[in-house]
Amino acid sequence: MKKLMIVLALSAIIVTGTVFAGDQDGFGIGVIWDSGGGWGSSGTVGHNGALSLHLPNLPVYWGISFGGFGPFGDIVWLGVSGDFLPLVNNQPLVRNIGLSWFIRLGLYGKVWLGDIAGFDVGARVPIGLSWQPIKVFELFLDVAPSIGVYILNGFGLGGGWDGELGIRLWF
């Protein structure tokens with residue numbers, strides 16, 4: 001099970017893109033707390049933690065999450081989001097304190113394994129704020145509406161929103 005999850009995570013990293021802010025070319029790592037709701041496969045509100053990752057010279061901000069829950073039985077899941085196309089790229093709101101805003105276009109995917117198995121994939125549009133008071137520290141907040149397709153107890157269209165709050169350190 002661990003090997004499968006590692007392979008899925010690495011595969012997702014190769015084909016997708018993290019969440020949020022900071023136009024940095026370096027290595028960035030942080031944590032995200034998110035809460036959201038939706039319809040279809042995302043029909044219940046959830047609260048999750050995630051890893052935020054940016055690799056040097058790769059214009060993709062990754063969000064990688066892992067968890068488990070029991071509405072359908074015992075299930076574990078792995079989720080990956082990648083925000084890579086800046087529609088509005090960190091436009092300053094208050095330049096002298098490092099506050100900016102952004103709109104990005106990205107992709108997401110999630111795999112469920114356990115009593116039932118399935119996946120969903122789709123597009124997301126994070127809209128948010130980034131505060132970077134010093135070069136090595138970033139605090140970000142966004143709302144990311146999404147829409148996609150899923151196979152989990154059937155096939156369908158799903159979507160919703162995530163509200164995300166995180167910190168990231170830049171090296």
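Taking each residue as 0.36 nm, the span from F84 to N57 lengthens on full extension beyond its C-alpha to C-alpha distance by 8.5 nm. Close amide H partners of G156, meaning residues 5 or more places away or on another chain with modelled amide H under 5 Å apart, are Y150. The trypsin sites (Lys or Arg not before Pro) of the stretch 88-171 include none that DSSP puts in a loop with a beta carbon having at most 10 other beta carbons within 10 Å.
For R95 and L169, what is the calculated FRET efficiency with R₀ set at 30 Å and r taken between the beta-carbons, to the nearest 0.05? The pair R95/L169 has a calculated efficiency of 0.85. Annotation: amide H of F66 within the under-5 Å range of G79, sequence separation 5 or more or interchain, hydrogens built in the peptide plane. Sparsely packed loop sites in the stretch 54-108 (the chymotrypsin sites (Phe, Trp or Tyr not before Pro) outside DSSP H, G, I, E and B with at most 15 other Cβ atoms within 10 Å) comprise F72.
Read the figures in this text as sums done on the coordinates, not as results from a lab. Fair warning: this is a prediction, and the values are worked out from it, not measured in the lab. Positions of Cβ are backbone-derived with ideal geometry, glycine not excepted, and every protein chain shown enters the neighbour counts.
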